[in-house]
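Read the structure below first, then the notes.
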Amino acid sequence: MSKKFRICTLPGDGIGPEIMEQALRVLDKIGELYDCEFEYDEELIGGCAIDAVDNPWPEKTEKAALDSDAVLLAAVGGKKWDHGEKRPEQGLLALRKSMNAYCNLRPVSIFEPLIDSSTLKPDVIRGVDLMIVRELTGGIYFGRRNTSSDVEGAGVNGTKGWRAYDTMEYSEYEIERIARYAFEMARKRRSHVTSVDKANVLDSSKLWRKVVHELGEAEYPDVELDDMLVDAAAMQLVKNPGFFDVILTENTFGDILSDEASMISGSLGMLASASLGSKTPIFEPCHGSAPDIAGQGIANPLAQILSVAMMLRYAFDMPEAADSIENAVDEVLKAGWLTRDLAGEGADESKILNTVEMGDKVIAALK
Ligand code: IPM
Ligand code: MN
């Protein structure tokens with residue numbers, strides 16, 4: 001009997017549906033090659049869900065996600081929904097919370113054929129291979145917040161006295177479980193964790209640092225652990241990114257540093273991510289919905305396809321199939337094939353593929 005997996009697919013907005021289609025073609029081919037079956041349940045999230053049912057996170061989607069072995073998400077958002085009260089991003093945050101996906105993995109490595117498309121010098125980025133382990137269900141994103149009109153301050157300097165706050169709170173429990181994940185991950189890599197915080201200023205960071213060190217000393221003495229303040233980490237990422245193996249950090253710092261780190265690889269269009277926790281794991285590209293090129297059939301499907309590789313590796317325990325996809329992408333790039341976004345100035349026009357053609361190339365290179 002071949003293995004069967006149920007996947008909740010969430011194409012979302014913008015280029016989402018186009019790139020999802022290619023990722024699922026790749027997955028179907030993997031099913032043939034590795035004798036397993038994938039069943040898809042497509043649901044709404046984000047802007048398209050606001051349009052259809054006036055809710056970025058419909059109950060039906062939540063139920064389907066909870067009933068699946070994995071969630072494969074493309075992207076949400078777009079100008080169209082920027083000014084409404086309901087925003088597409090609320091769907092994404094609700095998905096993470098509902099799946100209790102507290103651990104976000106964002107690997108960054110260099111695709112040698114694309115090394116010149118980074119704005120950083122090739123010598124600085126060659127060989128970089130790092131993993132950001134970002135806490136995903138705590139901190140400012142989900143903390144207490146409020147916007148109010150402050151009576152006392154009202155009218156001062158001609159303002160109306162509005163005041164708003166967000167809070168960054170972390171419990172020992174939340175810190176320990178994400179730190180554990182980072183240490184385990186480091187053991188499978190180069191055994192080096194850099195914990196990023198702002199312990200010179202923030203209480204939440206002081207606790208973060210304490211808990212990470214206690215866990216490291218007690219259970220992971222074999223893993224090298226160092227701390228870096230988030231401002232210094234931002235600098236080190238562009239100065240000497242090869243320093244990093246596993247970067248462990250809280251939600252907001254991880255959000256900012258992961259966009260910065262993506263530029264090391266040259267293109268946000270190549271990066272995949274996994275969000276894991278106690279319920280259904282989520283896999284998605286790091287990039288957004290690129291509404292400016294949606295519907296033209298020119299979007300780069302590679303990050304979505306690489307998200308499928310992460311799904312095979314982290315949710316379905318199929319490392320060979322995951323390798324097969326990653327190697328296929330490598331091979332296609334080595335042969336000089338590109339999508340429009342990856343093509344630098346003076347690129348050979350005859351090597352530029354559209355979304356479906358890129359899907360075809362990857363499928364043909366699968367082993
Ligand atoms: C990301 C995104 C989201 C985040 C937004 C869309 C809410 O930027 O996945 O990094 O901030 O987490
Ligand atoms: Mn982000």
Next on the checklist: Going by what's in this entry, would Phe283 be described as in a strand (DSSP E or B) and either open to solvent by less than 10 Å² (accessible area, probe 1.4 Å) or within 25 Å of Glu89 (Cβ to Cβ) (or both)?
Outcome noted: yes
Checklist entry - Out of the residues in region 247-263 that are among the aliphatic types (A, V, I, L, M) and in contact with a strand residue (DSSP E or B) (Cβ under 6 Å, 6 or more places away or on another chain), which is nearest to ligand 2 (Cβ to nearest atom)? => result Ala261
Checklist outcome for this item: Of the residues in region 96-119 that are farther than 15 Å from Asn251 by Cβ and assigned to a helix (DSSP H, G or I), the one that is nearest to ligand 1 (Cβ to nearest atom) is Ser98
Item to check | Test: residue in region 233-251 that is touching a Phe, Trp or Tyr at 6+ places or on another chain (Cβ under 7 Å), within 15 Å of ligand 1 (Cβ to nearest atom) and part of a helix (DSSP H, G or I) | outcome: yes
Item to check | Test: residue in region 150-167 that is in contact (Cβ under 8 Å) with a residue 24 or more places away in the chain and surrounded by 12 or more Cβ atoms within 10 Å (Cβ to Cβ) | outcome: yes
Next on the checklist: Take the conditions crowded, with 21+ Cβ neighbours inside 10 Å, closer than 30 Å to Lys210 by Cβ and within 14 Å of ligand 2 (Cβ to nearest atom) and apply them to Phe244. Does it pass?
Outcome noted: no
Checklist outcome for this item: Given the conditions (1) closer than 18 Å to Leu257 by Cβ; (2) away from ligand 2 (no atom under 16 Å from the Cβ), every one holds for Thr159 apart from (1)
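Okay, residues lined up against (1) of a type in the set (Lys, Arg); (2) within 14 Å of ligand 1 (Cβ to nearest atom):
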site: Ser258; (1), (2): no, yes
site: Lys279; (1), (2): yes, no
site: Phe283; (1), (2): no, yes
site: Ala299; (1), (2): no, no
Checklist entry - Right, Met235: within 16 Å of ligand 2 (Cβ to nearest atom), aliphatic (A, V, I, L, M) and either touching a helix residue (DSSP H, G or I) at 6+ places or on another chain (Cβ under 6 Å) or under 17 Å from Val108 (Cα atoms) (or both) or not? => result no
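Select from region 183-212 the residues that are part of a loop (DSSP other than H, G, I, E, B) and polar (S, T, N, Q) and write down the one among them that is most open to solvent (accessible area, probe 1.4 Å).
Asn200
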Checklist entry - What strands (runs of 3 or more DSSP E) completely inside region 1-85 contain at least 1 residues that are at negative phi and crowded, with 23+ Cβ neighbours inside 10 Å? => result 3-12, 70-75
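The values are calculated or read from the model by the stated rules, or taken from the named source; none is laboratory data. Note that the structure is a prediction, hence the values are computed from the model and not measured. A quick note on method: Cβ atoms are made from the backbone with ideal geometry, for glycine too, and the neighbour counts reach across all protein chains shown. Quick note on the areas: whole protein, heavy atoms, side chains included, nothing else; ligands and nucleic acids left out. Shrake-Rupley method; radii C 1.70, N 1.55, O 1.52, S 1.80 Å.
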